[in-house]
Amino acid sequence: MSGHAVNNDVKGALERSFRQLVLERRYRSVSIGDICKEAHVSRNTFYDYFQNKEDLLATVFRNDAFRAIEQFHTMFSCDELRDIKQVEYTLVSKMYSGLLNEKELYSRLVLSMHGNDNSFIRAVTKVIYEFDRQHLKKIGYRGSERRADYVAYFFASSQAMIMEKWILDGFAMSASELATLYNNLTYSFWLEHFGASSGRAQ
């Protein structure tokens with residue numbers, strides 16, 4: 001087995017352990033030691049892959065929310081991304097659908113954190129911010145680096161907050177409805193920078 005395959009296997013075991021433990025108890029009660037014991041790996045091995053528990057949470061979220069997005073994103077060139085009428089709607093809708101597919105996990109995570117732990121907000125903001133910086137470049141955003149930084153942070157932090165509310169509300173809206181709402185709220189930005197080609201989700 002190659003080193004890459006071994007790395008993926010160990011990371012996968014840690015992620016599966018985390019998911020299982022979160023389904024059984026509150027996030028705050030899940031320790032790194034518990035995760036390692038469930039995954040049958042040492043604590044030192046854990047730190048070879050993750051900085052801390054929140055970093056593992058970010059990885060789990062990235063895998064759930066961004067796997068389909070990254071597959072979609074790599075299918076198109078910069079020009080094609082700009083010309084696809086509903087590309088932003090599609091990206092956001094896929095992200096929400098990824099969370100909905102793991103509804104029980106995120107319900108337990110967010111409900112147990114609400115009011116006393118911002119780990120979900122921080123982890124989600126970090127992941128989306130990193131994606132948005134790359135996405136803005138790929139679609140040809142021409143603002144300054146500083147402006148791009150603030151734009152990426154705005155979209156990341158607002159997505160994290162709206163996801164938290166959506167989860168706390170029991171996923172009361174469909175992923176498609178929430179994506180339409182979010183994109184209509186942020187449509188002026190895409191219209192300003194990309195004109196009619198950005199398109200509004202109907």
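The values are calculated or read from the model by the stated rules, or taken from the named source; none is laboratory data. Predicted model, so just to flag it, every value in this text is computed and none were measured. Every residue, glycine as well, gets a Cβ built from its backbone with ideal geometry; the counts of neighbours run over all protein chains shown.
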Kindly provide the set of residues from segment 132-164 that are surrounded by fewer than 14 Cβ atoms within 10 Å (Cβ to Cβ) and in contact (Cβ under 8 Å) with a residue 12 or more places away in the chain, ordered by number.
Gly140, Arg142, Gly143, Met161
Can you name the helices (runs of 4 or more DSSP H) wholly within segment 109-202 that have at least 3 residues being within 17 Å of the chain's Cα centre (by Cα) and at pLDDT 90 or above?
119-138, 145-168, 175-185
What are the residues in segment 165-195 that are touching a Phe, Trp or Tyr at 6+ places or on another chain (Cβ under 8 Å), surrounded by 19 or more Cβ atoms within 10 Å (Cβ to Cβ) and not aliphatic (A, V, I, L, M), if any?
Trp166, Thr180, Asn183
Identify the residue in segment 18-49 that is outside any helix (DSSP H, G or I) and aliphatic (A, V, I, L, M) and, among all such residues, is surrounded by the most Cβ atoms within 10 Å (Cβ to Cβ).
Val30
Within segment 119-129, does at least one residue satisfy the condition of being among the aromatic types (Phe, Trp, Tyr), closer than 15 Å to Arg62 by Cβ and buried (at least 18 other Cβ atoms within 10 Å of the Cβ)?
yes
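Here's the yes/no breakdown for (1) buried (at least 17 other Cβ atoms within 10 Å of the Cβ); (2) within 21 Å of the chain's Cα centre (by Cα); (3) modelled with pLDDT under 95:
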| site | (1), (2), (3) |
| --- | --- |
| Ala5 | no, no, yes |
| Asp9 | no, no, yes |
| Leu14 | yes, yes, no |
| Gln51 | no, yes, no |
| Asp55 | no, yes, no |
| Met75 | no, yes, yes |
| Asp79 | no, no, yes |
